[in-house]
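Here's the structure, in structure tokens; my notes come after.
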Amino acid sequence: MTLEMIMVFALMGLVFIAMMMERLRSDVIAVGAMVVLVFTGLLTPQELFAVFSNQAVIAVACMFVLSAALERTGVIDRVGIWINGFVGHTELAVSLTLLPLVALLSAFVNNTPVVLVFMPMVIGLAARRNIKPSKLLIPLSFASILGGCCTLIGTSTNILVSSTADSLGESALGMFDLTGVGLILSLVGMVYLWTMGRKLLPERETLSSILQLSLIHI
């Protein structure tokens with residue numbers, strides 16, 4: 001192992017520890033790591049700025065723009081209202097309707113905005129049906145991850161891998177090259193969440209519900 005490799009691994013470890021401590025924002029830590037790479041000579045300025053012209057980075061940025069547009073125009077909110085109209089009243093019934101829909105949306109929209117938009121809706125559904133929010137929020141997160149594995153644009157990681165393969169002379173991934181494997185993983189994952197996984201989920205209240213109960217007792 002060369003000195004350069006040791007320095008890179010050491011820097012990766014420091015970045016990981018810094019993100020776990022959460023003393024600084026993740027973007028500040030990432031930019032700081034890039035600065036260290038340049039000043040130590042592990043990267044040249046040309047190599048550093050070449051990253052921002054990479055088609056994968058541009059595609060990921062466009063995905064966030066598309067996700068923000070769907071959120072601000074109310075498309076995902078309307079989907080939430082539609083779900084509330086016909087979803088069942090038990091935890092399993094809500095989960096059976098919610099998880100496939102979240103996975104489908106996450107296959108074509110970035111995972112993070114999907115989860116952020118669905119969180120208030122899911123908390124509201126849980127409150128109206130007397131279900132612990134943790135019983136729905138944790139499966140919601142996993143469903144978005146599983147759905148993101150089904151297409152090239154489902155998650156930024158897939159785009160970066162495709163771009164890296166193309167730069168190394170390999171064939172770039174197509175839009176639905178991952179769909180077969182992704183659908184199998186999604187199906188197995190959701191069946192697990194609907195069966196054994198339900199028994200392992202914690203029963204936790206949200207902060208707002210705890211405060212409301214405290215005010216009632218006061």
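The values are calculated or read from the model by the stated rules, or taken from the named source; none is laboratory data. Source: prediction; values computed, not measured. Accessible surface areas use protein heavy atoms only, side chains included; no ligands, DNA or RNA. Shrake-Rupley method; radii C 1.70, N 1.55, O 1.52, S 1.80 Å.
Using only the Cα atoms of segment 97-154, construct the convex hull and provide its projected area averaged over every direction, in square nanometres to one decimal.
Over all viewing directions, segment 97-154 projects a mean Cα-hull area of 3.3 nm².
So which residue, out of Leu136, Leu105, Leu37, gets the largest mean-square fluctuation from a GNM of the chain using Cα contacts under 10 Å as springs?
Result for the chain, Cα springs under 10 Å: Leu37 fluctuates most.
Could you order Ile81, Ile123 so the one with the most accessible surface comes first? Probe is 1.4 Å.
Of Ile81, Ile123, the descending order of accessible area is Ile81, Ile123.
Between Asn130, Asn111, Asn158, find the one with the highest GNM mean-square fluctuation for the chain; connect C-alpha pairs within less than 10 Å.
Asn130
Pairing the Cα long axis of helix 55-72 with the longest principal axis of the chain, what angle in degrees results, from 0 to 90 and rounded to the nearest 10?
In the chain, helix 55-72 runs at an angle near 20 degrees to the longest axis.
What angle, in degrees between 0 and 90 and rounded to the nearest 10, separates the Cα long axis of helix 26-39 from the longest principal axis of the Cα atoms of the chain?
The answer is roughly 10 degrees.
Can you give the accessible area of Thr40 in Å² (nearest 10), computed on protein heavy atoms with a 1.4 Å probe?
70
Run lengths n ≥ 4 of DSSP H only: what is the helix-derived mean residue ellipticity at 222 nm for the chain, with -39500 (n - 2.57) per run over all residues, to the nearest 500?
-24000 deg cm²/dmol, from helical runs alone.
Please work out the ratio of the alpha-carbon Rg of the chain to 2.2 N^0.38 Å and round it to two decimals.
Normalised Rg, Cα atoms only: 1.24.
Angle between the Cα long axis of helix 91-106 and the longest principal axis of the chain, 0 to 90 degrees, nearest 10?
Orientation of helix 91-106: about 30 degrees from the principal axis.
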